[in-house]
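Working notes, structure below.
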Amino acid sequence: MPGKVRLKRGRSFLEQAMLVVDALRARFLSLQADALRHPEEPEKLHEMRIAGKPLRYLMESLEGSYGKEFKRNLRELEETLYLLGSIHDCDVAIGILTQYREELSIANARAGGKSAGVPSRPVTALLLSQQAKRNSLMRQLHRMLRLQESA
């Protein structure tokens, strides 16, 4: 969560709300650069996603009070958060499948041979599928953020 936001005397509610939006956006953007430099660290992407949620909720509540650019920024944020959520889902699945495959390997080794164990090929196939999906989503995220920067 960002530090405290100093509200200004004599400002309207909408002016005050934009101070909070600006602070939340600054926090989100500060995490974005670090998360994209380290895509192999799911925690950084998840932290970015979590930081974007309050920004999204506040912007959604203010959407009717601002113009097209504000709405465009909100849509871009929603798309970014959706992609981050999908990447997080892949990260969770990859973690579970990796652990399951390791446990299967141990159980199969204890069973004493290939014919006695449970095949791990289907788990490996699912794991590779999730990794490929994550890579594709990361490419989409990079493209989207580059387009947002150039706009």
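Listing for the model above:
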{"item": "Those residues of segment 1-44 which are aliphatic (A, V, I, L, M), in a helix (DSSP H, G or I) and over 30 Å from residue 132 (Cβ atoms), in sequence order", "result": "14, 17, 18, 19, 20, 21, 23, 24, 26"}
{"item": "Within segment 108-138, considering residues that are among the basic types (Lys, Arg) and closer than 25 Å to residue 46 by Cα, the one surrounded by the most Cβ atoms within 10 Å (Cβ to Cβ)", "result": "134"}
{"item": "Tally, over segment 93-107, of residues that are surrounded by 15 or more Cβ atoms within 10 Å (Cβ to Cβ) and under 10 Å from residue 117 (Cα atoms)", "result": "1"}
{"item": "Residue match in segment 120-135 (condition: within 30 Å of residue 21 (Cα to Cα), in contact (Cβ under 8 Å) with a residue 40 or more places away in the chain and assigned to a helix (DSSP H, G or I))", "result": "yes"}
{"item": "Pick from segment 1-32, criterion at pLDDT 85 or above and among the β-branched types (Val, Ile, Thr), ranking: farthest from residue 94 (Cα to Cα)", "result": "20"}
{"item": "Residue within segment 77-91 that is out of contact with any helix residue (DSSP H, G or I) (no Cβ under 7 Å at 6 or more places or on another chain), among the hydroxyl-bearing types (Ser, Thr, Tyr) and assigned to a loop (DSSP other than H, G, I, E, B) present", "result": "no"}
{"item": "Residues of segment 45-73 classified as within 30 Å of residue 130 (Cβ to Cβ) and either free of Cβ contacts under 8 Å to residues at least 24 places away in the same chain or acidic (Asp, Glu) (or both), total", "result": "3"}
{"item": "Scope segment 33-53; condition at pLDDT 90 or above and either within 18 Å of residue 78 (Cα to Cα) or of a type outside the set (Asp, Glu) (or both); matching residues", "result": "42, 44, 45, 46, 47, 48, 49, 50, 51, 52, 53"}
{"item": "Selection from segment 102-130 of residues that are at pLDDT 95 or above and among the charged types (D, E, K, R)", "result": "none"}
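The values are calculated or read from the model by the stated rules, or taken from the named source; none is laboratory data. The shown structure was predicted, so the numbers you read here are calculated from the model rather than taken from an experiment. Heads up, the Cβs are rebuilt from the backbone with ideal geometry, glycines too, and the neighbour counts pull from every protein chain shown.
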